[in-house]
Amino acid sequence: QVQLMESGGGLVQPGGSLRLSCAASGSILHMTAMGWYRQAPGKERELVARVTSGGSTDYADSVKGRFTISRLNAENTVFLQMNSLKPEDTAVYYCNAYLYVAVGAHDAYWGQGTQVTVSS
């Protein structure tokens, strides 16, 4: 019913930039929050950034000042601008969304993930 499509991952050198995009499609009544998580090999999945329905943002301490999250509510789309990338940013990045797909149905959805590799 609902699908999250991620794009924008790739290979960049340290100090470079990437912009990730995630678009939610399907039978969506309303998007309340969207964000990005990441998981590096051997590590737990962690929150990178998210934006709430009220426009508030939350960032992991490790990315503050370097990453910026934004969203287009009308298109159920979220972006993650990643600047000054470091090797430790290397991970699979997953889009996450909390969506109303029906009256009284508020659930979390996940994308398939996009690989970000920061290496010289």
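Numbers at a glance
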{"item": "Modelled FRET efficiency - R0 30 Å, Ser119 with Ser27, Cβ distances, 0.05 increments", "result": "0.15"}
{"item": "Between region 83-103 and region 21-55, the Cα center-to-center distance that results, in Å", "result": "5"}
{"item": "Karplus-derived HN-Hα couplings along region 84-97 (A = 6.51, B = -1.76, C = 1.60, θ = phi - 60°), whole Hz, x at Gly and Pro", "result": "6, 5, 10, x, 6, 7, 4, 4, 8, 9, 10, 7, 10, 9"}
{"item": "Heavy-atom SASA rank of Trp36, Trp110 (probe 1.4 Å, accessible area, largest first)", "result": "Trp110, Trp36"}
{"item": "Burial ranking of peptide ranges 77-88, 55-66 (average Cβ count within 10 Å, highest at the top)", "result": "77-88, 55-66"}
{"item": "Residue among Met82, Val103, Tyr59 farthest towards the positive dipole end of the chain, charges placed on Cβ", "result": "Met82"}
{"item": "Rounded to whole Hz, the Karplus (6.51, -1.76, 1.60) HN-Hα couplings of region 71-79, x for glycine and proline", "result": "8, 10, 4, 4, 10, 6, 10, 10, 10"}
{"item": "Relative contact order, percent, the chain [alpha-carbon distance under 8 Å, six or more residues apart]", "result": "36"}
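The values are calculated or read from the model by the stated rules, or taken from the named source; none is laboratory data. Given the structure is predicted, the values throughout are model-derived calculations rather than measurements. Because the Cβ atoms are built from the backbone with ideal geometry, glycine has one as well, and the counts that use them run over all protein chains shown. Ligands, DNA and RNA are stripped out before the accessible areas are found, and what is left, the full protein with its side chains, is counted by its heavy atoms. Shrake-Rupley method; radii C 1.70, N 1.55, O 1.52, S 1.80 Å.
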